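This report refers to the structure that appears directly beneath it.
What follows is calculated from the coordinates using simple rules that are stated; it is not laboratory data. Fair warning: this is a prediction, and the values are worked out from it, not measured in the lab. Cβ: placed from backbone, ideal geometry, glycine included. Neighbour counts: every protein chain shown.
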Amino acid sequence: MLRRLKDWWRGPLAEVATAPTPQAGAVPYRLTRDGPVFLLVTSRRTGRWLFPKGGLMSGRTPWESAAQEALEEAGVEGVVSDQPLGTYLAKRIRGERIETIAVTLYLLEVTRQLDRWDEKAQRQRRWADLDTALDLLGDAALGELLRSAAAELAARPAPEPEAAPKPSPKSSPKSSQTAPSSAPGKGKKVRKAEAKGRRLKTGSKG
């Protein structure tokens, strides 16, 4: 509220007619049996719902920058696509002027959601299906990109429910026993026959 009063008090800001500043943003999602769901966060300045975004980071690709913004602003990690979903234009206030930014979005499949992250105290986050996300965003250009993302994800197979673990097979009593090297009693008969043969040989010498 104080920030909005300050903006009102200082009057209209000058819009700078320069080339848009490039930024990268992530569209965090998860696939469910009912379709994809998307993670949105609020802007720190206005409280509007949007996707995590920020300036390009030195030494990182645009999609890596997008994944880092998702971690810092929404507290999620995952697998980010290196193929851009599209770019939309937005305005931001820098000091006493308004700048245009060009945000290129990348899909990010969430594999881990943190309970604590850098900007937790400054933003809200919310999972939403396509229709709810479109209502929350309220931006026509961003909505079109989200529809494209949903169409792309809808073509992917839905995750299968986790199967119950199979019980370990129980070995039968016969299979668990060690096979005998010979039939019962056979060894005794062989030894008796050998002893009898030796006695016969000894007697023939006499």
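Annotations
- Pairwise Cα distances in segment 2-154 exceed 27 Å in 22 percent of cases.
- Other residues lying with their Cβ under 11 Å from the Cβ of L114 contribute a combined charge of 0, Lys and Arg counting +1, Asp and Glu -1.
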